[in-house]
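See below for the structure under consideration.
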Amino acid sequence: MFHVSFRYIFGIPPLILVLLPVASSDCDIGGKDGRVYQNVLMISIDDLDSMIDFDSNCLNNESNFFKKHSCGDNKEASFLYRAARKLKQFPKMNNSEDFNFHLSRVSQGTLQLLNCSSKEENKSVKEQKKLNDLCFLKILLQKIKTCWNKILRGAKEH
Amino acid sequence: MTILGTALGLVFYLLQVVSGESGYAENGDFDDAELDDYSFSCYSQLEVNGSQHLLTCAFDDPDVNSTNLEFEICGALLDVNCLSFNKLQEMYFIKTKKFLLIGDSEICVKLERKSMTCRKMNIVKIVKPEAPFDVRVIYREAANDFVVTFNTSHLRKKYVKELMHEVAYRQEKKENNWMHVNLSSTKLMLLQRNLQPDAMYEIKVRSIPDTNYFEGFWSEWSPSFHFRTPETSIRGQMDPVALTISILSFFSVALVVILACVLWKKRIKPMVWPSLPDHKKTLEQLCKKPKKNLNVSFNPESFLDCQIHKVDGIQARDEAEGFLQDPLPSQPEESEKRRLREGMQGPNWPSEHPVFTPKTFIGESPFRCLAGNISVCDAPVLPSSRSPDCREGGKNGPLVHQDLLLGPGTTNSTLPSPFPFQSGILTLNPAAQGQPTLTSLGSSQEEAYVTMSSFYQNQ
């Protein structure tokens, strides 16, 4: 009755069930064929990148956001979701209408492609913090672009 | 009762008719005839003014009273939920940068804030490109073709950059006979041979989105361009100078070929492939043939032996002259000739050898040859190869006169008077020393003996 095999039968499956939500993604991403990203989002990201003045110190500024979140395997959708939410928090610039529209298009367009659970949304709500750092924005846009390329590469391989 | 029933029937009938005309429908599908009048269609134009986009809608039925009708778009917009259209005559349009360009939007016709009809549309799927412009046609004489070029504003746009263009052209005389060509670039080549010469043509261009994301409708036609094709009276007419040169060249080549064929054997081949001269034939040609019936041959088989006789002395000259005046002896009998020949053959010839000299031959009878005495016999021609040997010898040695040029049958003919007579009659010494070196005569009696010295003498 108390054979060692019982540990494996009754111990491991619950462990798997507990860990499964941690490993799995809460978001499902659409547009993996790349058409939306290449024809709309990438154009806005490139325009925003060209509008932001490049500062040599930008790359050295490692925000906590990037320490916490990264475009890891099976976490691409989550990262994009959080990045898009971060973009949405960015304040509008008064002197550039195009900048604001491009920013909105990237964030809103990314969110429209993602189908995330309410759990993920709650996590993002907690991290709301107004940012006015163009350097952070530039890095964030680059990370978003890199993550999209990773998703499309993975979709091509499959 | 009857009247009551009829009245009720009429009332119900009227109610139904009235309710149908009012547009009320329970199913909500708005399939009423009045709702059908509000059918509309829209098209979008992206980046029509900088980064501003244009969305245009219009009713399909031009007779619709659009006085109080409005259009509204909701969804797939940036930072807003809905946007209202502007009205311009019978057209409704909206010019904005707030299109998300991702996902579907809903466009509704509103009458006093009440949605009459709505349609779900995707802005990126109803794109109508701007019409091309600046159509030009340039004729290239060297290539015999027409280069058609045109311009489009989409080359400088960020979203709808890739288009499919359609070029249509026709001869102006022929109505509705348009030729269509599809291309993705803004340059087209039309071959001259596909067009009528000296004709007026009309050409125009339109475009449609050709990406995997943006779709839509054909643009408006570009303004037409008119051009005239050049005259070509004869297809492939050549330049007169070139034609003359080509004709002359042809005739020259033909003349050269004919001359080559005619003069090949006689002139050309000997120069190109000269034949090596044959030394024997050349020699024969150089030397004169001495007389008729004289066989000259270098065939070793026909070489005749040189008769060498030993002699002791030479008789006086006078006797020889006397012989010359006498007529030539008659032809000796064949038997005696044969015997003479037989007697002369063989290495072990007896000591007394007959010696043939021209003088003795003239004066004496040939029968004396048999006896071994000096006699004039009918002698054949001696071969020239033995001549050096024949000339050798002194008084005691064998000596043979070599200056014999007698052929078969010459015994009957008279020798020419200037016959050189310088040698005397030789006598044979039976005791002559040494062995005579006598070789045999040729097989034919009629063959003349000819030596090389005779050749030189005759020359």
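The values are calculated or read from the model by the stated rules, or taken from the named source; none is laboratory data. Because the structure is a prediction, the values reported are computed rather than measured. Using ideal geometry, Cβ is built from the backbone for each residue, glycine included, and neighbour counts are taken over all protein chains shown. With ligands, DNA and RNA removed, areas are computed over all heavy atoms of the protein, side chains included. Shrake-Rupley method; radii C 1.70, N 1.55, O 1.52, S 1.80 Å.
Return yes or no: is B:G75 within 14 Å of chain A (Cβ to nearest Cβ), touching a helix residue (DSSP H, G or I) at 6+ places or on another chain (Cβ under 8 Å), open to solvent by 10 Å² or more (accessible area, probe 1.4 Å) and under 24 Å from B:N212 (Cβ atoms)? No: the conditions fail for B:G75.
Do we have A:S56 as at pLDDT 80 or above and either part of a loop (DSSP other than H, G, I, E, B) or within 14 Å of another protein chain (Cβ to nearest Cβ) (or both) here? Can you show your working first?
Numbers: at pLDDT 80 or above: no; either part of a loop (DSSP other than H, G, I, E, B) or within 14 Å of another protein chain (Cβ to nearest Cβ) (or both): yes.
For A:S56, the condition - at pLDDT 80 or above and either part of a loop (DSSP other than H, G, I, E, B) or within 14 Å of another protein chain (Cβ to nearest Cβ) (or both) - is not met.
Condition (residue is away from every other protein chain (no Cβ under 14 Å), modelled with pLDDT of 75 or more and closer than 26 Å to A:R153 by Cα) applied to segment A:13-20: is it met by at least one residue? Taking every residue of segment A:13-20 in turn, none turns out to be away from every other protein chain (no Cβ under 14 Å), modelled with pLDDT of 75 or more and closer than 26 Å to A:R153 by Cα.
Report the residue count in segment B:152-177 for those that are outside any helix (DSSP H, G or I), of a type outside the set (D, E, K, R) and farther than 15 Å from B:P223 by Cα.
In the first step, residues of segment B:152-177 are kept if they are outside any helix (DSSP H, G or I); the result is B:152, B:157-177.
Next, only the ones that are of a type outside the set (D, E, K, R) stay: B:152, B:159-160, B:163-165, B:167-169, B:171, B:176-177.
Next cut, farther than 15 Å from B:P223 by Cα only: B:159-160, B:163-164, B:171, B:176-177.
Result for segment B:152-177: 7.
For segment A:114-142, which positions are crowded, with 19+ Cβ neighbours inside 10 Å and at pLDDT 90 or above? Residues satisfying the conditions are A:L140, A:L141.
To keep it simple, each residue is scored yes or no on (1) at pLDDT 95 or above; (2) away from every other protein chain (no Cβ under 14 Å); (3) in contact with a His (Cβ under 8 Å, 6 or more places away or on another chain); (4) surrounded by 15 or more Cβ atoms within 10 Å (Cβ to Cβ).
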site: B:S39; (1), (2), (3), (4): no, yes, no, no
site: B:H53; (1), (2), (3), (4): yes, no, no, yes
site: B:N65; (1), (2), (3), (4): no, yes, no, no
site: B:V80; (1), (2), (3), (4): no, no, no, no
site: B:I126; (1), (2), (3), (4): yes, yes, no, yes
site: B:V147; (1), (2), (3), (4): yes, yes, no, no
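For segment B:1-37, what are the residues that are among the hydroxyl-bearing types (S, T, Y), at pLDDT below 70 and open to solvent by 90 Å² or more (accessible area, probe 1.4 Å)?
Residues of segment B:1-37 that are among the hydroxyl-bearing types (S, T, Y), as a first pass: B:2, B:6, B:13, B:19, B:22, B:24.
Then drop every residue that is not at pLDDT below 70, which leaves B:13, B:19, B:22, B:24.
If the condition is that a residue be among the hydroxyl-bearing types (S, T, Y), at pLDDT below 70 and open to solvent by 90 Å² or more (accessible area, probe 1.4 Å), then B:Y13, B:Y24 are the ones that fit.
None of A:N39, A:N74, A:N61, A:N100 is open to solvent by 90 Å² or more (accessible area, probe 1.4 Å) and either more than 11 Å from chain B (Cβ to nearest Cβ) or modelled with pLDDT of 85 or more (or both) except A:N74. Entry remark, segment B:98-133: residues being of a type in the set (A, V, I, L, M), closer than 27 Å to A:N39 by Cα and not in a loop (DSSP other than H, G, I, E, B) number 5 in total.
Would you say B:T96 is open to solvent by 10 Å² or more (accessible area, probe 1.4 Å), of a type in the set (S, T, N, Q), within 14 Å of chain A (Cβ to nearest Cβ) and farther than 17 Å from B:F217 by Cα?
On the way: open to solvent by 10 Å² or more (accessible area, probe 1.4 Å): yes; of a type in the set (S, T, N, Q): yes; within 14 Å of chain A (Cβ to nearest Cβ): yes; farther than 17 Å from B:F217 by Cα: yes.
Yes; evaluated as a whole, the condition is true for this residue.
Within segment B:228-242, does at least one residue satisfy the condition of being touching a strand residue (DSSP E or B) at 6+ places or on another chain (Cβ under 7 Å) and open to solvent by less than 80 Å² (accessible area, probe 1.4 Å)? Yes, because at least one residue in segment B:228-242 is touching a strand residue (DSSP E or B) at 6+ places or on another chain (Cβ under 7 Å) and open to solvent by less than 80 Å² (accessible area, probe 1.4 Å).
Have a look at B:E130, B:E106, B:E112, B:E172 and point out the one that is touching a Gly at 6+ places or on another chain (Cβ under 7 Å) and either away from chain A (no Cβ under 14 Å) or open to solvent by 80 Å² or more (accessible area, probe 1.4 Å) (or both). Talk me through it step by step, then tell me what you get.
Numbers: B:E130 fails: touching a Gly at 6+ places or on another chain (Cβ under 7 Å); B:E112 fails: touching a Gly at 6+ places or on another chain (Cβ under 7 Å); B:E172 fails: touching a Gly at 6+ places or on another chain (Cβ under 7 Å).
None of the others qualify; the one that does is B:E106.
Would a scan of segment B:177-185 turn up a residue that is touching a residue at least 24 places away in the same chain (Cβ under 8 Å) and not charged (D, E, K, R)?
Going through segment B:177-185, the residues touching a residue at least 24 places away in the same chain (Cβ under 8 Å) turn out to be B:184.
From what's left, not charged (D, E, K, R): B:184.
Yes, segment B:177-185 contains at least one residue that is touching a residue at least 24 places away in the same chain (Cβ under 8 Å) and not charged (D, E, K, R).
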